[in-house]
1. Would you point out which residue out of D24, D44, D95 is among the charged types (D, E, K, R), at pLDDT 95 or above, surrounded by 15 or more Cβ atoms within 10 Å (Cβ to Cβ) and in contact with a strand residue (DSSP E or B) (Cβ under 6 Å, 6 or more places away or on another chain)?
2. Is it the case that some residue within segment 121-131 is modelled with pLDDT of 95 or more, closer than 21 Å to W98 by Cα and open to solvent by less than 10 Å² (accessible area, probe 1.4 Å)?
3. Which number in (1) farther than 20 Å from V299 by Cα; (2) within 16 Å of the chain's Cα centre (by Cα) marks the one condition that R276 misses?
4. Just to be sure I understand, how many residues within segment 180-193 are open to solvent by 10 Å² or more (accessible area, probe 1.4 Å), farther than 12 Å from L259 by Cα and part of a loop (DSSP other than H, G, I, E, B)?
5. Report, ordered by the first and then the second residue, all pairs with beta carbons closer than 8 Å, sequence separation of six or more or different chains, a first member in segment 67-92 that is closer than 27 Å to Y53 by Cβ and open to solvent by less than 20 Å² (accessible area, probe 1.4 Å), and a second member that is part of a loop (DSSP other than H, G, I, E, B) and among the basic types (K, R).
6. I need every pair where a residue in segment 237-248 that is of a type in the set (V, I, T) has its Cβ under 6 Å from the Cβ of a residue that is at pLDDT 95 or above and surrounded by fewer than 17 Cβ atoms within 10 Å (Cβ to Cβ), sequence separation at least 6 or different chains.
7. Of the residues G207, G257, which single one is of a type in the set (G, A, S) and touching a residue at least 40 places away in the same chain (Cβ under 8 Å)?
8. Say whether the condition of being open to solvent by less than 30 Å² (accessible area, probe 1.4 Å), at pLDDT below 95 and among the polar types (S, T, N, Q) is met by at least one residue in segment 308-327.
Amino acid sequence: MLPQRVGELKAGTLLLAGVVSGDDHYYREHKAADPTWTPSNDGDRSDMAIALYSSTDEGVTWKVVNVIAKGGWQGGSAGAIGRNVASANTYRQVDPLWEPYLMVYKGKLVCYYSDENDYTGFDPATGVPALDPANDTAMDSHGQILVHRTWDGSGEKWSAPVVDVAGLTQDMGGGKTEIGGGRPGMTNVVRTTDGRWLLTFEYWGGGANTRYKVADDPLKFFRGSPTGMAVTALPVVAGSRPLATGGSPVIIRLPDGRLVYNAAGSGSVWVDETGRSDGVWKEYQTTSRAGYSRTLQYVEGTGRIAILNNQDTSTLAYAEVDLGHSAGAYHQLVNRKTGQMIGTGNKTNDANIGNGDVPDVTLEDAGSAANPDTQYWHVMPKPEGGVTLLNKSGGRAAAIWTGDATAGRRIGQWVDDSAAGSWNIVRTDDGFFKLQSVKNRDLYLTGASDGAPLTLQYAVADGSQDWKLVP
């Protein structure tokens, strides 16, 4: 959705950039020879391009705005590079365009995308790539670069492409070299809170296959390393694993400035709470398993993160995760016996990551936490009954450690991964309530003494199982 007017496009207009093409000649040729033939991988479509569509009625209807960029033959690219080539593709070219990413910058629309045309280099001052004069006929490099174009929202003409990630330089023989080695792909760009810009991309040229670049200007990523730096080199807090690799990286910026990252190799996400380009990252578990073609989307109205990804063959999976500071009221939960409240010892992520695999939910004095948000909780109803307690700092649930509801079991932070809550609310006659275990109704959430870890215990009448919500 456009955050501001861009030329003739009004603020609030929905925009969609997608890959379009002519016929899949590889498919047509094989079907003509054998009507029972079925494809098993990418084919060879002609006239690959990226088109821009718009909707002013919240996605009910769409119209073509213009063509952002044009490529050539698909050439079996992606899943079958240079193999599934149609006879009609006389020179066996692989020149498609892929993976558009839209952004508004300084009153213009920017489209980042992956470009498999053959380029001999680029202007070091402007970043404009030099197209190989024999792009349509010479042996294809099978390389790919990342570029962007800009548009002022009036007319149809987009700017010339500008390189963002050039990849390695390849020797094509006869004294000719071309950029695009290593096949960088899948641009994502976010603004950081220290006024810089962070670009993540996948890279299959050896070494770390998920990388990043940082620039002071989002239109000048061509400066600096042609292959970027490994995301695994980014700093993480103690207990967190390095940022995920495996390709298909996604990075988003939340309204409060936090950055959230994910890639195909893990179901977890990583959060830079400062939002800075030099910030430290922290791992948070989600209910999504690892998978390619991921997306992360901040959900207006809930403040949670929606995750879509590809699972196995042609299956899209959906998950939703709370990372803290989501919409709705937060409260302190005060214990009648001790006057203390439920906290996490300043920990914000899953206890198996952030606390050495030790449950971390305890009683604390009000205001004693260095991170005050760790002492506030959502009391959230669950679809299958009961409630869950979600911490304000990282959205983790106060869960029964190991899930085994037995007397003495401790409570730790964990991703909210069940359709049923951990607790039933049992109200007392004087404004307090008890939190009864959904899994074992003989047991209650208990804070036995000052500073004690929270546990499950059989019913007692000493006030250690009585709680009050304080806004």
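The values are calculated or read from the model by the stated rules, or taken from the named source; none is laboratory data. A quick note: this is a predicted structure, and the numbers were derived from the prediction, not measured. Cβ sites come from the backbone with ideal geometry, for glycine too, and all protein chains shown count toward neighbours. Surface accessibility is based on the protein's heavy atoms, side chains included, excluding ligands, DNA and RNA. Shrake-Rupley method; radii C 1.70, N 1.55, O 1.52, S 1.80 Å.
1. On the way: D44 fails: in contact with a strand residue (DSSP E or B) (Cβ under 6 Å, 6 or more places away or on another chain); D95 fails: in contact with a strand residue (DSSP E or B) (Cβ under 6 Å, 6 or more places away or on another chain).
None of the others qualify; the one that does is D24.
2. From segment 121-131, those modelled with pLDDT of 95 or more are 121-131; that's our starting set.
Those still in the list that are closer than 21 Å to W98 by Cα too: 121-122, 127-131.
Those still in the list that are open to solvent by less than 10 Å² (accessible area, probe 1.4 Å) too: 127.
Yes; the residues of segment 121-131 include at least one that is modelled with pLDDT of 95 or more, closer than 21 Å to W98 by Cα and open to solvent by less than 10 Å² (accessible area, probe 1.4 Å).
3. (2)
4. Selection size over segment 180-193: 2.
5. As it stands, the answer is G75/R92; G76/R83, since those pairs meet every condition given.
6. Between residues of segment 237-248 that are of a type in the set (V, I, T) and residues that are at pLDDT 95 or above and surrounded by fewer than 17 Cβ atoms within 10 Å (Cβ to Cβ), the close pairs are V237/V280.
7. Details: G207 fails: touching a residue at least 40 places away in the same chain (Cβ under 8 Å).
None of the other options fit; the residue is G257.
8. There is at least one residue in segment 308-327 that is open to solvent by less than 30 Å² (accessible area, probe 1.4 Å), at pLDDT below 95 and among the polar types (S, T, N, Q).
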